[in-house]
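Working notes for the structure below.
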Amino acid sequence: MNTAKLTTVTLEKSADVARLRDVAMTLTNVLKFGAFERTRTVTAVVELGRNAIEHGQKGRATFSLTEVDGKSALGLLVTDQGRGIPKESLAPGGPPASSTGMGLGLRGVQRIATRFDVDTGQEGTRIAAAFLPAAALPASPQLIDQATGALTELSAKDPTAALSEQNRELAESIADRDLLMQELHHRTGNNLALIVALIRMSKSQAEQDETQQVLTELEVRVGSLAKAHELMQRGADAGQVDLAEMLDEVAKTSERAFSGGGLSASIEVSCDELQLDSKFAIDIGLIVGELITNAFKHAFVGREQGLILVEVTGDPMQGIALLVSDNGVGLPTGAERPERSNSLGWRMIRTLTFQHDATLTVDGADGLRVRIRFPARS
């Protein structure tokens, strides 16, 4: 046996000190500490726990069975998120710590512990200690089983404390996951912004009109995704996106991407106040981007000015209606229906519409009007 982790106690409030004391009493009993040794060791453990709560903002105490000179000892690792311990509070000949000092009682714990190591700084403190009874037991796997069984009995006596600890561990795991997802979105957003910049740079250097057209369409698509990730980072709920703000950015990106040449077309967005889950909002943004792109490419042939309207009404509980229209040439008689087009843009529009069980209708009599109705979402 080298070191075997047994249990962890979260240190956030004074009530956690009682749980810390009970665990320390249970494990010192398993290791056959004498009465005086047990009192000293439990006092030292409680002192470390109180310091973590009072001065470290939040902490953890992890108990283990470890070895010191081949004998079984009680191991304790206490970590916190405070601002560190002043060096003078740890120096053997330093001034005594005050009742409000960061190093309260640490020199006393040092005298009690068989092994005592401190790693402290502005990011927090990590204290590793080991406590060895005078009549130490030989290290053995059976001792681990005894300690585990004793802790199980302790939890059975106080199931509320055990359940509270489990709930806090779960909450911490969820918080860690959310933090990881936020970082992932942040990096993804940065990467998308870089890609947009590279696309614009490549477009400015492209000589062929066809190449510029392809890069322009790609700029609008990637720009929509980049804006969605930016809004997810800024929002209070990382899973929600402000649709109106996102569509405004899609319109600005499209106007910027298609600017130049002989056409001056403006885009007006009217959107109800809607907070949508990120995937739904991104899909709507992609659809709008494709419809705007189609309008710039086909609606205003031979014209110098044009207008594109984007309107969104409704809410997720009742259903959402999306209308993208223009005052362009519309559909000539006998022209192929655009919703049946095999172009990449219309394939994307059809696929995203189908994924959300929405209905798609196109009217080309007076300009082009594309209406998509998204059903109510539970």
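Annotation: amide H-H contacts under 5 Å for LEU368 (H modelled 1.01 Å from N, sequence separation of 5 or more, or interchain): ASP326, GLY328, GLY330. Across segment 305-316, rounded Karplus estimates of 3J(HN,Hα) from the backbone phi angles (6.51 cos²θ - 1.76 cosθ + 1.60, θ = phi - 60°) give 9, x, 9, 10, 10, 10, 10, 10, 9, x, 8, x Hz, Gly and Pro being marked x.
Karplus-derived 3J(HN,Hα) values for segment 47-55, using 6.51 cos²θ - 1.76 cosθ + 1.60 with θ = phi - 60°, are 4, 5, x, 5, 4, 5, 6, 6, 10 Hz; glycine and proline are entered as x. Between amide H atoms placed 1.01 Å from N, distances below 5 Å from LEU137 occur with SER72, all of them 5 or more places distant or on a separate chain. Backbone amide hydrogens, once placed in the peptide plane, bring GLY82 within less than 5 Å of LYS58, THR125, excluding anything fewer than 5 places away on its chain. Accessible surface for segment 242-378, divided over its residues, is 50 Å² per residue with a 1.4 Å probe. Roughly how many nanometres apart are two label points built 7 Å out from the Cα toward the Cβ at LYS71 and THR148? Once both label points are built, they end up 2.6 nm from each other.
The values are calculated or read from the model by the stated rules, or taken from the named source; none is laboratory data. If you're wondering where the values come from, they're calculated on a predicted model, not measured in any experiment. Glycine gets a Cβ as well: all are built from the backbone with ideal geometry, and neighbour counts include every protein chain shown. Accessible surface is based on the protein model in full, side chains and every heavy atom, while ligands, DNA and RNA are left aside. Shrake-Rupley method; radii C 1.70, N 1.55, O 1.52, S 1.80 Å.
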